[in-house]
Amino acid sequence: MTVRAPQHLSRPSKALYRRLAADYALDAEPHALEVLRLGLEALDRADEARQALAQHGVTFTDRFGSPRARPEVTIERDSRLAAVRCFRELALDGDVGDARMPRTNGARS
């Protein structure tokens, strides 16, 4: 059974949601799909901030004529950290030993 990705995620995040949910049987753990959703939302938010930075630059000049970092710099950084923490919580990379989420039989190696 294919797990439906949340509609508000970006197209790449939806694809990753479906793939990880299937490969690691995340629907077997009650909180795992929620943590995955939060991680992918954070990745999408970081991507939105990165796009804004590409369009507007990394800094702006404040009312006193001093250069300041745009708020999107902080949003991108914080969102990336949140995504990494969510993925670490899911233990998909195998660095956590026995706590790793098991792959399903049909998973890619």
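Relative contact order for region 21-98 using alpha-carbon pairs under 8 Å, separation at least 6, rounded to a whole percent?
Computed over region 21-98, the figure is 37 percent.
Tell me which residues come under 5 Å, amide H to amide H, from Thr59 once H is placed; ignore anything under 5 positions away on its chain.
Counting only residues 5 or more places away or on other chains, the set is Arg70.
Do any chymotrypsin sites (Phe, Trp or Tyr not before Pro) in region 9-64 lie in a loop, going by DSSP, with at most 11 other beta-carbon atoms within 10 Å of their beta carbon, and if so which?
Passing both the DSSP loop test and the Cβ count: Phe64.
I'd like the Karplus ³J(HN,Hα) series for region 81-88: coefficients 6.51, -1.76, 1.60, θ = phi - 60°, whole numbers in Hz, and an x wherever there's a Gly or Pro.
For region 81-88, the Karplus-derived couplings read 4, 4, 4, 4, 5, 5, 5, 5 Hz, x marking Gly and Pro.
From the phi angles alone, apply the Karplus equation (6.51, -1.76, 1.60; θ = phi - 60°) to region 8-24 and give each ³J(HN,Hα) in whole Hz, x where the residue is Gly or Pro.
Per residue, the Karplus-derived 3J(HN,Hα) values read 7, 6, 5, 4, x, 5, 4, 4, 5, 4, 4, 5, 5, 4, 6, 5, 10 Hz.
Bear in mind that the values in this text are calculations on the coordinates, not laboratory data. For clarity, every value in this text was computed on a predicted model and none was experimentally measured. A quick note on method: Cβ atoms are made from the backbone with ideal geometry, for glycine too, and the neighbour counts reach across all protein chains shown.
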